[in-house]
1. What are the extents of the Cα atoms of chain A along their three principal axes, in Å, largest first?
2. Could you work out how far apart the two model spin labels at residue B:365 and residue B:30 are, taking each label as a point 7 Å from the Cα in the direction of the beta carbon, and quote it in nm?
3. Helix-only estimate, please: 222 nm mean residue ellipticity of chain A, summing -39500 (n - 2.57) across DSSP H runs of length 4 or more and dividing by its residues, to the nearest 500.
4. Among DSSP beta bridges lying fully in the protein assembly as shown, give the percent that are antiparallel, nearest 5.
5. By the gyration tensor of its Cα atoms, with a ≥ b ≥ c the square roots of the eigenvalues, what is the shape of the range A:142-195: rounded for a/c under 1.5, prolate for a/b over b/c, or oblate?
6. Can you give the FRET efficiency to the nearest 0.05 for residue B:245 and residue B:110, using r as the Cβ-Cβ distance and R₀ = 30 Å?
7. Only bridges whose two residues both fall in the range A:87-225 count here: according to DSSP, what percent of them are antiparallel, nearest 5?
8. At 222 nm, what value in deg cm²/dmol follows for chain B if DSSP H runs of at least 4 each add -39500 (n - 2.57) and the sum is divided by all its residues, to the nearest 500?
């Protein structure tokens, strides 16, 4: 079995201290193989967003480790950490986070601008990504003038543009009506299937979660279910390695 | 993000909240405008003084007098009456009214000649004219000044008095032109005036001389508002004035001009003054006489600059405020950029560059308009209030000081921007992305 792209080992995360201490994650472990599509499901306050932030290296776990392609991410810092995030991850957020008054193209090329890619190449790759999402004709429009579905497609183009290994999608269809939401879902799963990009979706939408290879359910900071309804081992409903222990804790 | 993109992003971010940016720029504009104008005032006046000193020429000459022991008559002396000195005469030098100096005799001139560093000595023949009379028959009081070789007067018409000529020539100040009955400066040139002196036995002598030029009146004119004769006329008047004096009384001079090496440094000149002082003389150069004026002007400009800097400090709080709002507004964007791997240093750079750019816009516009306004004010004043000082550009600008003003404002803006920029750089991406 090849090295999993992400290995999560007993990750705990707490905020505050003393009386105000709040444990968002209480010891979570699982592996994600390259090319998987994973849904992280949980109610609000369950710790699923905290889990995504730690997976995306936006937040360091209080204890436990996260390995990216076998490399312990706690050894990454400063410039290396930033570069790893820039090259490995793409982000799709519910609230889009597009710069309203900048053009669609400018929004899409932002990750490459941060990476220091030269202007001409930025434009070429940015246009290619927009082409892929049928937004090429909107490249010069201001982001604020796009419809919700177009905005989310622009966000996906932005997530794609740096050829990431993993796309993190936080409630990607949360702000869209069901038909445009379905289109956006199709795009994400196509990317997963055809480009082999690992897809990690944080959601509380069961229908969206059902389309993923694998579902990881978080409740009160613990992993309570890790199943593969559609994946190769769809029959088994294995819990996390430390799932039982976690429940006990 | 590379440097060019960083600057480009900072510049385009500046124009995102146009009204807010505009107001901040206006605040900086006021400070920069004032600073540029006051700077221009200093430059203009000092350049005028420098120009006049250069035009006067003879930077290698100093005027030497012999101060008397009973220096002035102002105030009471506890030492009782000063002892009579037959050589004491009224000084033509600037000083308190009634100041007297001891006259210089031919012996003194020899002593001066012997002092180290003195190349040449020429006694200044002071002439007290009774009146001057032109084409009109009215007689006017006139002061007679003298040029030393190398000095020039600034002319509005005609030529410099020719010391090599045997003709009796004179240059009159502009203010005498109409009084003497001429229609204009050029009309006066070629005219004839009569100068009168009284000799030692109270006989009045009149001498006719040709007007060869009309002189501007300027602060630094070597002769002030006085008639400037050429050597031939000076000698003529001097001889007439001293007619009847015993020989040992004739050669008495209030002051003398001393030449020194024209490449002498300030230190050399000071050393020469010290040596003169040791021998009981006092020497003053043209630059010395104007130095005080320059110091006063520099002082005034400094105070005005201080006000402008205060205005800029007030404006810098505007920058802090603007950028804090900007950081607040763009919290999510900052979070996103950090999530995408933008380093804190770059985020800091982005915001502080934005501040510097706002500073640049404000100062460039301020300096630009100040140049236009300064030009307009100068030309308006030069024909009205300052018409008596031809050649004075009240507010002048030199590129270096303008560049310095712009740089100073940019540095102030940059410093003001560091506070909000540091807040942006510290922002936690997770917190920022959660921010609603």
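No lab work stands behind these numbers, since they all come straight from the coordinates. Please read all numbers here as calculations on a predicted model, not as lab measurements. Heads up, the Cβs are rebuilt from the backbone with ideal geometry, glycines too, and the neighbour counts pull from every protein chain shown.
1. Here the Cα extents, ordered largest to smallest, are 55, 41, 39 Å.
2. Result: 1.4 nm between the two label points.
3. Numbers: 9 runs with 86 residues, N = 249.
-10000 deg cm²/dmol, from helical runs alone.
4. Working: 59 of 84 bridges.
Of the beta bridges lying entirely in the protein assembly as shown, close to 70 percent run antiparallel.
5. Because a/c hits 1.5 or more and a/b fails to exceed b/c, the range A:142-195 counts as oblate.
6. Numbers: r = 21 Å, r/R0 = 0.70.
For R0 = 30 Å, the calculated efficiency reads 0.90.
7. On the way: 4 of 14 bridges.
Here the share of antiparallel DSSP bridges comes out near 30 percent.
8. Computed mean residue ellipticity for chain B: -17500 deg cm²/dmol.
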